[in-house]
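Everything on this sheet refers to the single structure shown next.
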Amino acid sequence: MSATQEPEGVAATPASRLAAYLRGGGVIVPLLTTVLAFLAGGLVMLVTGADPIATYEAIWKGTGLQWLFPWVTGEDRTIAATNLQQTLIITTPLILTGLAVAFAFRAGLFNIGGNGQYIVGSVAAVWVGSSFADMPSLLHIVLAIIAASAAGAVWAAIAGFLKATTGAHEVISTIMLNWIAVWVGVWLFSQDGPLQNDQNASLPVSNDVVEGARLPVFWGDPVLQGLHIGLFIALFAVIVFWFLLNRSTVGYEVRAVGFNPEAARYSGMNVGKNYIVVMAVCGLFAGLAGALDVLGWQFRIATVDIQITFIGFFGIAVALLGRNTATGTVAAALLFGALLSGTSQRNLDPTVFEPSLAANLTYIIQGLVILIVSADVLVLGLIRRGRGVFRRDGPARAAAPATSEPEP
Amino acid sequence: MSASTVAASRVGIPARTAGWVGIGLGVLAAYVALPPFLIRTPVVSLLIAAAAIAAGVYASREGETRLGWIAVAIAVLGALFAVIAVNSGEGNLERVFAWSALIAGMLRFATPLIFGAMGGILSERSGVINIGLEGMMLMGAFFGIFGADLLDSWFLGIMVGVASGALLGLVHAFVSIHLRADQVVSGTAINILALGITGYVFIYHYGDQGTPTDIPRVPNVTLPGVEDIAFVGEAIGRMNLLTWAALLLVPVLTVFLFRTRGGLRLRSVGEKPRAADSLGLPVLRTRYLAVTASGALAAAGGVYLSIALLGSFNENMTAGRGFIALAAVIFGGWRPWGALAGALLFGFSTALAQRLPAFSESTAVLFQALPYVLTLVVVAGVIGRSRPPAAIGVPYVKE
């Protein structure tokens, strides 16, 4: 992986090409992708002897989204409300891990390390949140969130730094950083680990986040895991994401490097610095996701949580389906959040469909979504070639490399 | 120290040799504190480490900067390690560093990594990134035991498992070669898809019970004669059939890649597809075959986990081993022997981690991160940069 050829020639191009394609195509292709994936999921149910329609109906009920319809009343509405709170609780980190992947894509980078950045962020949040018991509440929350975001940013920036200085491919380094985060996290909270629970030395779990550092619940019963204000923080991050990309110098450079690192370099941009900044911003989003989960509803981390968390990987599907745009990411996060909570043990009616089966079904659907999105690069290319012309943003699209192989 | 370097340079030892000697001494500094030597004073280790540092500094001054500093780093770590070892109980040390058992453990844990890494080499040498190794391995792990259970034969189990991995490899090949998708995205999809498929069928078929305990297992090979030899017998006398297969795969793949026409074609397709195409080589077909075979090999690693090593399956049981295999590929610079070295190193660190709880539960856990840290160091080019095939990740379009 020589520094001269790798970042601009081979590695950045496919990702940036993908990113360029993903931004086009409107909402039809993502919708079609979703429908196809869900149809395939239905087929799986059919083959294994379950009724797809009844199952999807039960999952729909589990999402609580029918709360949005005013004609749902009485007890149904109460149940829908608690289910919807769960859906939105899961949507919150998904928005952020989605942004973490999307932002990198826009810069021609593939951040596969959202999971590690999320873990690092949640560890930092639980550490700050469970220390300093006497701190004023607001200050404590802000401090924990800043610590988590900073931890995520630094963790991700390692990959950016390695790419900028040595040309190490960010896919490889973020994968490695994911697993390092997992094992360091497990180490911290496992027996005789440095951050393991003070009260009970045999439990592989962190200390509890103190009352003052927990995010306020604004909808539902705080005791029964109501919806915390983290959702608004995530939505605010979406605005920051949009503003940063579309209305700031940083965003301009990020997109320029994403389109064509070589051209960006010649126009005087510091491509290497850009990689570091981009990854740091990605890690900031993912670390924030970890903070909101820990301060919002988990309040503690067990080593098992670290090993099975998948939120960061879901972010890849969210970003791809959301075409790396701000609104698309929110919509895709809501879709996957709904799917996750609709199939959870807590929300899915086990008489209709076994929740543990349904959990695997969500993986199948998610995998298919990513597979179809990745494959529709060709479909989109054909559509565009058929139309011949660029639609909205004109010449910028032309700068995106075509499907032909770059000759060294 | 400066005196020694001056003296050495007058003697005219080549810098490279000095660097390697330094590395060797650094390892020795740690080794003498362990069984069977078990020197119970740090003085010896510190002296050896000092010599190692001197050699390292000399090497770095004489031009081998990187190698020299690696030697210094290893010497410092070795000395630290020795001090820790000297301060630990002798009994603990003997329990953890039972070398024959450690070697047996290393080979056990390295087996799935070797299979996965060889698969990864095939795919990546042909120009297709395969981060779906983890998913393919998981497929093999589940469908291996599923097949062995249903067909009541470990051999057919291996076949079913390998076929399932090959099938997933074919999907990856189709999407990334034919549809020219981003290979990393496609690989990510493969991993998540495999997690869903295996988990779904597992729970659908076995429910909460888990896999039955009377699964036909791949047998261990007892070497008559060797088995009774004191050290060797314990280390390799009773290895699993699939471990032997994995070890055999390494020279076979080396010969295939570097000594046969097929291997030359595969590599040329991964380095300069345009040139290969102009010579009439079927670029796409070669890549298809390579990626499918890659899936089959990775799955063999999974099969080993489920019906040879453990005799059971649980959800997501590969737990990152596919990624360690990928790490071994990179660590070994996309070469079979190098990847084997990586797999053995990572297998050794796992084997050591298994025995470390005698000291400290948490340190043992931290050891699991070692393969990933080392790979990060290697991709960053701190210790000799490893270079991927030139056309990796680039879909080929015929003109």
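The values are calculated or read from the model by the stated rules, or taken from the named source; none is laboratory data. It should be emphasised that the depicted structure is a prediction, and the values quoted were computed from it without experimental measurement. Here the Cβ is made from the backbone with ideal geometry for all residues, glycine too, and neighbour counts use every protein chain on show.
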message: Can you say whether residue B:269 is more than 28 Å from residue B:149 (Cα to Cα), aliphatic (A, V, I, L, M) and within 14 Å of chain A (Cβ to nearest Cβ), as far as the supplied structure shows?
response: yes
query: When you go through (1) without any contact (Cβ under 8 Å) to a residue 60 or more places away in the chain; (2) surrounded by 24 or more Cβ atoms within 10 Å (Cβ to Cβ) one by one for residue B:123, which number turns out not to apply?
result: (1)
query: Of all residues in region A:316-352, which are under 19 Å from residue A:45 (Cβ atoms), assigned to a loop (DSSP other than H, G, I, E, B) and of a type outside the set (A, V, I, L, M)?
result: A:343, A:344, A:345, A:347, A:349, A:350, A:351
Tabulated pairs, region A:241-255, first farther than 13 Å from residue A:325 by Cβ, second modelled with pLDDT under 90 and assigned to a loop (DSSP other than H, G, I, E, B), C-beta under 7 angstrom, 6+ apart or interchain: A:253/A:269; A:254/A:107
query: Among the residues of region B:124-178, which ones are within 15 Å of residue B:293 (Cβ to Cβ), part of a loop (DSSP other than H, G, I, E, B) and small (Gly, Ala, Ser)?
result: B:126, B:127, B:132
- line: Checked region A:332-373 for anything of a type in the set (A, V, I, L, M, F, W, C) and touching a Gly at 6+ places or on another chain (Cβ under 6 Å); matches are A:332, A:333, A:348, A:361, A:364, A:365
message: Could you tell me how many of the residues in region B:203-215 are at pLDDT 90 or above and in contact with a Ser or Thr (Cβ under 8 Å, 6 or more places away or on another chain)?
response: 2
message: Just to be sure I understand the filter: pairs with C-beta atoms under 6 Å, separated by 6 or more residues or on different chains, first member in region A:160-182 and within 7 Å of another protein chain (Cβ to nearest Cβ), second member of a type in the set (Ser, Thr, Tyr) and assigned to a helix (DSSP H, G or I). Which pairs pass?
response: A:162/A:173; A:176/B:372; A:176/B:375; A:179/B:372; A:180/B:372
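Residues are listed down the side, and each one gets a yes or a no for (1) surrounded by 14 or more Cβ atoms within 10 Å (Cβ to Cβ); (2) of a type in the set (Gly, Ala, Ser):
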{"site": "B:177", "(1), (2)": "yes, no"}
{"site": "B:184", "(1), (2)": "yes, no"}
{"site": "B:187", "(1), (2)": "yes, yes"}
{"site": "B:193", "(1), (2)": "yes, no"}
{"site": "B:197", "(1), (2)": "yes, no"}
{"site": "B:205", "(1), (2)": "yes, no"}
{"site": "B:217", "(1), (2)": "yes, no"}
{"site": "B:225", "(1), (2)": "no, yes"}
{"site": "B:234", "(1), (2)": "yes, no"}
task: Can you give me the number of residues within region B:166-201 that are within 8 Å of another protein chain (Cβ to nearest Cβ) and either of a type in the set (A, V, I, L, M, F, W, C) or in contact with a strand residue (DSSP E or B) (Cβ under 6 Å, 6 or more places away or on another chain) (or both)?
output: 13
query: Does residue A:65 qualify as being within 20 Å of residue A:231 (Cβ to Cβ), more than 14 Å from chain B (Cβ to nearest Cβ) and in contact with a strand residue (DSSP E or B) (Cβ under 7 Å, 6 or more places away or on another chain)?
result: no
- request: Go through (1) over 23 Å from residue A:31 (Cβ atoms); (2) modelled with pLDDT of 90 or more and name the single condition residue A:355 misses.
  value: (2)
- prompt: Can we say residue B:221 is assigned to a helix (DSSP H, G or I), of a type outside the set (Phe, Trp, Tyr) and without any contact (Cβ under 8 Å) to a residue 24 or more places away in the chain?
  reply: no
field: Residues of region B:216-232 satisfying the condition of being of a type in the set (D, E, K, R) and either at pLDDT 85 or above or farther than 23 Å from residue B:108 by Cα (or both)
entry: B:217
- prompt: Out of the residues in region A:273-292 that are modelled with pLDDT of 95 or more and touching a Pro at 6+ places or on another chain (Cβ under 9 Å), which is surrounded by the most Cβ atoms within 10 Å (Cβ to Cβ)?
  reply: A:286
query: Which of the residues belonging to region B:371-389 are at pLDDT 80 or above and more than 7 Å from chain A (Cβ to nearest Cβ)?
result: B:371, B:374, B:377, B:389
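Output the number of residues of region B:260-273 satisfying the condition of being in contact (Cβ under 8 Å) with a residue 40 or more places away in the chain and either within 25 Å of the chain's Cα centre (by Cα) or assigned to a helix (DSSP H, G or I) (or both).
Counting residues in region B:260-273 that are in contact (Cβ under 8 Å) with a residue 40 or more places away in the chain and either within 25 Å of the chain's Cα centre (by Cα) or assigned to a helix (DSSP H, G or I) (or both) gives 6.
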query: Is it the case that region B:299-320 has a residue that's part of a loop (DSSP other than H, G, I, E, B), small (Gly, Ala, Ser) and under 30 Å from residue A:172 (Cβ atoms)?
result: yes
